[in-house]
Structures are given as structure tokens and as C-alpha cells.
Amino acid sequence: MKISFLVLFITLAVQSGAVIGVAGAVDTPLLMEGKRSLFQRVLSVPGARLATEPGGQASKELESFTALYVYDRREHEGREWIEVGGDYHGTRAGWLPADSGIEWNHGLTAAFRDPAGHDRVLLFRDNASLRRLSQQRDMDLYERLYGEAVQNRLSDGSPVIAIQPPGHIDIRDDFYLVPIHQYEDVYLGSEKARLLQVSSVPLDGRQGDTSESRTPAKAGEGAQAYSAGLVFVIDSTLSMEPYIERTQEAVKTIYDSLDEGEIQGRVNFGLVAYRDNVSAVPGLDYLVRTYVDLDEGRDAEGFLSRVATMEDAGVSSRDFTEDAYAGVKQAIEGINWEGHDARYIVLVTDAGARKADDPLSSTGMGAESIRQLARNKGIAIFVLHLLTPATMPDQEADAAQYRSLADFPGIGSLYYGVPTGDIEQFGKVLDALAGQITGQVRMAAANQEPVAPVPAGEDAQLVELQDRVAKLGYALRMRYLQKTEGGQVPNVFNAWLLDRDFRNPERPTLDVRVLLTRDQLSDLNDILKQVLDTAEEGLLSPENFLNELKSLAATVSRDPGRLGGTTAITAGEGKSLADLGFMREYIEDLPYTGEVMGLSLDDWQSWSTREQIGFLHRLEEKVSYYRALHDHTDLWVSLNGGPVSGDSVFPVPLELLP
């Protein structure tokens, strides 16, 4: 992870803030206009320094992007100054020029989606021109503006002032903050969309700097060569021996082809085996075991010698469900993926996976949270699902589960169901998949455009998978090139953009997230678990339970720093936001909300018992995800460039919050 972290985020800075029950205190920050409980907040820009009075000598430099409450505003020699403090209890830290802080009244953020295979987002000078273009759906004008932006030929009078970078921006390499100051609802065809007014601020404060120290080396000029890591996660229970042997054969073939070319050491293989809960069936010997990591799998001898010791279990597991997510989680967490630009996990199984609510699950996580954990590390998951006759009664549900696990944003599901578990067909698919990935690395090494995959005859399912692998490989290579060629987020202020693809309105261009510190995520984990435990003990009525969840969800969105005092359970006052009458202030004007905020008591009571239990299980799964994310120290960004601490940040997807 680099020291010079920048983040690409879009922060939905709509009218919010967050403090409850203290508006009448003796010394409190300024309230937001029209609010009675939400205080004004700003985030310090890089290089911001505190002074003891307006216009005074700047002294103490603030850490970039420090959240501060605003206590006072004054004009001094034609310049606005703000008095700020780190809390809402009257602790005033000093004065800042107003332009040294940007509005930061909640933690909602969103990141640009990878534009591979789609149009990049245009940034407009004003909302009127963007609104008019959206309402009229003027494709001729859009095509002209888009072409000019891509070719960097924008005229002075163009309504477009910038365009999204051509590749994916990894948050661990490029940390930009892009607050949204206003939004408007519009319709793009039949799809509801939003116009967002944004600003952008680089973490290091060097706008437009293209100095040698800032620009990474280009491919072939000292940059790390493009490489791929592929880790097999294989069910090693009693029925899997022939598939284990066929996987070894496929990997050996790949190694032989690598020896003939110039990319040896740039396609590396690993292998993780899993079984099931050993407390239920002690004879299974182990739950998960890493046989080969990517460093050991740089050559055929290292891989094959270790895999040769792998055997299928000598006894059958408890049923036709295994702890597959334990194996995938081990591959995500236990393998060192550093240095691999393309990262793949290939799950091979003939049984369903234990769900988050299964008592025998070791992870407490389901397809969605495991997939997100992989996505956080840039890992794509393939599933080769062996549809053997023995598992036929469960195959439809298992397939739906694995299709969800293998879904990759903008690409589709990387799932293949092997009919009847046919070993020959399994081998054919495995050879095609591994060969295609290897070919992509070979083309990248030769600086050539990837070739189209060889059609897979009559197998429509394999043709579709190969097409998605081609798109995925292209997207990952574009990320690599963007990184090595110094692509950056444009430094734009007061620009307007659309949160939907103009050409394809069904496709969002942004992912909504909440920027949390590591300590805040830990607090969220503890509080949500406490709410669930209290409800399980029968100490909360359905109405109070929903109020607790809404209070928690609203606080995470508005001011994560107040997580410990906005539910009846944590505040020690027996009152939630809803009870205090502040819920509307917290939720109104938000352009994006999660599942909980829109849930009413009538909705809950209209649900069947099964639906209510499913909802509770989803919340429990999120608790497991928070624990796993908290422990992944390589994902957290330290804004001061130091070691990971409780103040390090990560943008958590909105759908994985309460």
C-alpha cells in the first residue's frame, strides 16, 4: 500500500449534520439552517492551519480531512473565517479561513464505477445545461460533447469541463474527496436519476502537479510487469478426488505453456482446500487448509509437489452442504495477493455452501458479504458448480447462491454449472478458463490487444463465460495501465454530473458508500450486535426494535462519530432518535438511503415469520462482515500516511450497513 494515499469519493453533502439532544447546551456549534438538532460541520482540506483569531498567524497544521464542528463565522478584511472544534461540547480549537474547510455534514460517499465497457462520466459547468441534455435525451449533442472530452478538445464555451478518468481508481492508491453540495432529481428516459454538484480536493494538495515524483513509471519503464494470481478453492470431501486430479492436470498444462514463453512467474497459482465443520464430523480432519500460496505457486515444481499431498476426505460430511465460504474467505485473507494486478479465485464444488445463519457455518457470512470482502481486495470469484445427480434436489437453490457469489460489477456472474458433474466437461471449462487468463497476461506482456476467445462450440454457457472473462481481463488491464501511466481524478470545482449512464440509464455510474473510521466500524459492530441481542431476549417491542435500527442507520449516514449516543440502548436515556423527534431531520433530504430507513412497522407486521427471520439473519451477516473488514488492515487508509490506527478510514458500501 502506498504512502501517498488519495481517495476517489463522491460525498453526498446534502443538508445534514449530526448531534442530538444538545442544542440547548451552553456552548454548542452553529445549527444548520432550518434544523434544530444538526450542527454545521466542515472537513479540513490538505494544508489547512489553525489561527488563534480571524486573520491571525497560522500555526498548527491540521491532519487532512479532519471533521470539525463550526462554532462561529466572521468576516475579516473581505475573507470569511470559521471557528472550529473537534467536538460539539464547546471545545473550540481555533480559526480557519472558510476556504480551508469543505462542507461535511454527514458520512455518505459514493465512488465512480469502473468505466470499462461503458461511457465515462462527463462533468458539466452548470446544472441547467446538464438538466436540459438529460430531459431532452439529445444523443447527437451528447455524442459530440463526449467525443470532445475523450479527445481532450473541449472549447472554452463547452458546457463540459472535465471527464472521469479512463480507468478504475483504486482507493488505496488515489484518495480523492469529492463532496456533493446539491442534488436534483430528474428522469433519464423512464429511470430516475440525480444531478449532483461536486467539488474535488486532492489529499496532497498539489493540484495539476505532473512532476516526476508524482507520476508513476509507464509500463516497460521500470513499472512492475502485469501479472495474475489464480487461487483454486476446492471442496476436498469424499466425492471430489477425480476433480482434484483434473485440476492438477490443467495447471500442469498451463505451467508447460508458460515455460515456452516469456511470462514465467507472471501467472501464479495457489490452492486452498476446504471441507466442513469438524466438530460435527471429526473424521473430516480439517475445515480449511492452504496447500499452495501464490509465492509457492510461481513454478510447476512448487505447486505440484504440494498439491500431490492433497487427498479427499476419508469420510463423508454431514450432508450435501459444505462450508464453502470458509474456503473462499481463507483464500481472500490467507493468501498474499500483493503484486498481482489480476486476482482470481476459482471455487470448485459439488455441494451448496452453508449460509450465514447455519449453525455449522464458521464464518457467519453469506454470498453477498463474502463477495464484497473479495471485491474490497480486487478479487474476482469464479464458481465451477458440479451438478451431480446426488445433489439434484438442492441444485437450483445452490446455483442461485453461487451465481450471487460470482457476480462481478459491470461484468455479470462468473458462474458455470457443469451438467451432471461430467469430469470431461469440467476439464474442458477449466482448461478454457485458465488458458484465457494466461493468454491475457501473454498479450499484456507483448503490449498487444487481447484476442477474442475461441468459440466453445455448442456450449452457450461456456461462450457466455468466456465473453465475461474477456471483458473482465480487459477491465483489469485498463486498471493496470491507468495506474502505471499516472491517470488521476480531474481537479474540478463546482461541476455537475449525472449518477446514471446517459447511454444506458439502467446502469448507475456511482457506488454509494459511507466513509467510516476503523474505530467507528468497531462501534457499529458492537451496537448492532447489542441491539440484536436485546431484541432476541424479548426486551424490545417490534416498534422499538425498528426505531433502534433506524436510529443506528441514520446516525451512520449523518455523523458516524455519534454512534454511541443515538439509540435508546447506547444513549443511556431510554430514548432513540425517533423518540426524541429528530428522526425526520436525520433522514429528510438524503438522496440515497438504505433498507432500514424505509422500513415501517406496518411493513414489518405484514411480513411472514420467514421474512422477518431472513431480515434478522441479514443483519447478523453484516455483523460478521464488519468483524472481517476491521481485521483487514491492508484495506484501511491512513490519511496522515502513518500506520493503520483507529482513525484510518474505509468507504463501506451502503447496502452493507444497517
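Just a few scattered comments:
- In the condition set (1) modelled with pLDDT under 90; (2) more than 14 Å from residue 381 (Cα to Cα); (3) crowded, with 17+ Cβ neighbours inside 10 Å, residue 418 is compliant with all but (1).
- In this structure, residue 405 qualifies as touching a helix residue (DSSP H, G or I) at 6+ places or on another chain (Cβ under 7 Å), within 13 Å of residue 347 (Cβ to Cβ) and of a type in the set (A, V, I, L, M).
- Top-ranked residue of region 332-353 - restricted to ones that are without any contact (Cβ under 8 Å) to a residue 60 or more places away in the chain and under 25 Å from residue 421 (Cβ atoms), ranked as farthest from the chain's Cα centre (by Cα): 352
- Residue among 64, 44 that is modelled with pLDDT of 80 or more and hydroxyl-bearing (Ser, Thr, Tyr): 44
Every residue, every condition in (1) surrounded by fewer than 16 Cβ atoms within 10 Å (Cβ to Cβ); (2) assigned to a helix (DSSP H, G or I), yes or no:
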residue	(1), (2)
355	no, no
369	no, yes
382	no, no
385	no, no
397	yes, yes
435	no, yes
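- Failed condition for residue 410, given (1) in a loop (DSSP other than H, G, I, E, B); (2) closer than 25 Å to residue 258 by Cβ; (3) not aromatic (Phe, Trp, Tyr): (2)
- Identification of strands (runs of 3 or more DSSP E) wholly contained in region 61-178 with 2 or more residues that are touching a residue at least 12 places away in the same chain (Cβ under 8 Å) and surrounded by fewer than 18 Cβ atoms within 10 Å (Cβ to Cβ) yields 67-76, 79-85, 92-97.
- Residues of region 386-415 that turn out to be in contact with a Gly (Cβ under 9 Å, 6 or more places away or on another chain) and aromatic (Phe, Trp, Tyr), as a count: 1
- Evaluation of residue 242 against (1) at pLDDT 80 or above; (2) surrounded by 15 or more Cβ atoms within 10 Å (Cβ to Cβ) (one fails), failing number: (2)
- Selection over region 368-405 of residues that are small (Gly, Ala, Ser) and free of Cβ contacts under 8 Å to residues at least 40 places away in the same chain gives a count of 3.
Residue-wise test of (1) buried (at least 19 other Cβ atoms within 10 Å of the Cβ); (2) at pLDDT 85 or above.
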| site | (1), (2) |
| --- | --- |
| 571 | yes, no |
| 588 | no, no |
| 601 | no, yes |
| 605 | no, yes |
| 615 | no, yes |
| 618 | no, yes |
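- Looking only at region 28-38, residues that are of a type outside the set (S, T, N, Q), surrounded by fewer than 22 Cβ atoms within 10 Å (Cβ to Cβ) and within 19 Å of residue 587 (Cβ to Cβ) come to 6 in all.
- Qualifying residue in region 483-496 (condition: modelled with pLDDT of 90 or more and of a type in the set (Lys, Arg)): no
- Residue under evaluation residue 365, criteria (1) surrounded by fewer than 17 Cβ atoms within 10 Å (Cβ to Cβ); (2) modelled with pLDDT of 85 or more; (3) in a loop (DSSP other than H, G, I, E, B), criterion not met: (1)
- When restricted to residues that are small (Gly, Ala, Ser) and closer than 19 Å to residue 559 by Cβ, region 46-96 contains 5.
- Residue in region 255-262 that is of a type in the set (Ser, Thr, Tyr) and modelled with pLDDT of 85 or more present: no
- Filter pass, residue 329 being surrounded by fewer than 21 Cβ atoms within 10 Å (Cβ to Cβ) and either modelled with pLDDT under 90 or not in a strand (DSSP E or B) (or both): no
- Residue within region 624-635 that is part of a loop (DSSP other than H, G, I, E, B) and under 18 Å from residue 520 (Cα atoms) present: yes
The values are calculated or read from the model by the stated rules, or taken from the named source; none is laboratory data. All values reported here derive from a predicted model rather than from experimental measurement. As a convention, Cβ positions derive from the backbone with ideal geometry for all residues, glycine included, and neighbour counts pool all protein chains shown.
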